[in-house]
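A quick write-up on the structure given underneath.
Quick note: the coordinates plus some simple rules give every number you see, no bench work behind them. This is a predicted model, so every value here is computed, not measured. Here Cβ is always computed from backbone atoms with ideal geometry, including for glycine, and neighbour counts include all displayed protein chains.
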Amino acid sequence: MATNPKLELLQSYPFEKLRAALANSAYEGELAHIALSIGEPKHPPPNFVIDILCDTGAMTQHLATYPATRGSDALRHAVAAWLRNRFTVTASAERHILPVNGTREALFAFAQAVLSGHNKSLVGMPNPFYQIYEGAALLAGAQPYYIANTADSDYAADFDAVTDATWDAMELLYICSPGNPTGHLISDSQMQRLIERAHRHDFIIAADECYSEIYFSEQTRPSSLLAASEAMGNREFARCVVFHSLSKRSNLPGLRSGFVAGDADIIEKFLHYRTYHGCAMGTHQQHASTMAWQDEAHVQSNRALYQEKFDAVTKILAPHYDVRQPEGGFYHWLPTPTNDLSFCQSLYAQQHITVMPGSFLGRDQAMLGNPGANHVRVAWVAPLAACMDAAHRLADFADQLSKN
């Protein structure tokens, strides 16, 4: 039976690898399990969204209606207003914005819509990275091109080291700011240099900005590719597309709601693709999403909870680990004193905590190896008490390692 041979190019997803790696690392004790391996927000969603989805009259109407792939006028205008208020970006609700079913779906589908299918084309991406970028490139018939984010550069990508020939072969560049897993921010000036390259070498920039609303200082508040574009005079956002979501911002991962915004010609082509794809967001999701994008109070409260947790766990971990405060997002990208996989296995067996091995999030590069190696990604998504408990266990674990 014939199937798509490109599926054979896909590696197992990191969480599948982790389950297999921990299969023989049984915990025997009374400590409650604390999962810090997956970036699934655990703070409560806003009450007003729950109330909207529990309105039986409205739901009866919404569920009896085919949704528009372009999204409702109300939702697109709410997104346009949010972009204006948050990033001082002037985006047209009619031409620049398209609702999607979360960033994961859109980041994958986008590559299928915009890549040429030429087998020598490249898709640039950070390394380590969100694995969707790689899968999207491979299934669209392109080759991933990994740009390392290492401790030597404070986890910033060295775009200047990429040759002109490589930029010429590139059709799409994924960037992520704040970075997953590193928490690194890409500055406006760095984004503008990338935009200049995109025009010079003819490629599209897809900016994954889904962690933009989780940060720790107003002085280092994450910016947007669209803001950088507009500031340099590229007011139609040519070659620039951003991806946002309510999952992290509003603790609504199950709503599967986000948007894509940017270059109107690209958005129109992506809409055409999505019309055939059949992935329109339900009208009940669109209605709830409109309300969520219009409210900032719950976002500020959510951010304060993360700030409180990072303050607490950093104080506990700092004497035992080389802890680097992320500029955004909810991960610690923690260097490990031993091999990252064995660290995770022993941590689970001894302390009943799961974290993600950094090598599962990266790929080997010539002369460099895997830039995710000897790191773990720790997702501080659990409630404060559980996070503090986990931090104390990580500290105890470090003490045990130092004695061995």
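Worth a mention:
- Comparing V378, V162, V299 in a Gaussian network model of the chain (Cα springs below 10 Å), the most mobile by mean-square fluctuation is V162.
- Distance from the range 1-39 to the range 147-187 (C-alpha centre basis), Å: 27 Å
- Each residue in K309, K403 was given a count of other beta-carbon atoms within 10 angstrom of its own, and listing them fewest first yields K403, K309.
- Under 5 Å between amide hydrogens, built in the peptide plane, is the criterion, and for Q365 it picks out N370 among residues at least 5 positions away or on other chains.
- Dipole-positive endmost among H77, I205, Y13 within the chain (Cβ charges, Cα centre): H77
- In this simple spin-label approximation, E94 and Y13 carry label points 7 Å from Cα along the Cα→Cβ vector, and these lie 4.0 nm apart.
- Cα-Cα over 26 Å, subset of K120/K248; K120/K269; K17/K120; K248/K315; K17/K315; K42/K315: K120/K248; K17/K120; K17/K315
- Spacing of the modelled spin labels on D154 and L401, each 7 Å from Cα toward Cβ, amounts to 2.5 nm.
- Residue exposure sequence - M125, M388, M1, M191 - by fewest surrounding Cβ within 10 Å: M1, M388, M191, M125
- Net charge contributed by nearby residues that have their C-beta within less than 9 Å of V114 (K/R +1, D/E -1): 0
- Neighbour counting of Cβ atoms within 10 Å sorts the residues F243, F87, fewest neighbours leading, into F87, F243.
- When the charge dipole of the chain is built from unit charges on Cβ atoms (+1 for Lys and Arg, -1 for Asp and Glu) and taken about the Cα centre, the candidate among T88, I38, L255 whose Cα reaches farthest toward its positive end is L255.
- With R₀ set to 45 Å, the beta-carbon distance separating Q219 from A2 gives a calculated FRET efficiency near 0.20.
- Dimensions of the range 116-180 based on its C-alpha atoms, expressed as ranges along the principal axes with the largest first, amount to 34, 26, 14 Å.
- Shown here for the range 177-242: trypsin sites (Lys or Arg not before Pro) in loop regions (DSSP other than H, G, I, E, B) with at most 15 other Cβ atoms within 10 Å, namely R235.
- Compactness ratio for the range 1-148: Cα radius of gyration over 2.2 N^0.38 Å (N = residue count) comes to 1.42.
- In this structure, H33 and H199 have a Cβ-Cβ separation that, at R0 = 56 Å, corresponds to a calculated FRET efficiency of about 0.65.
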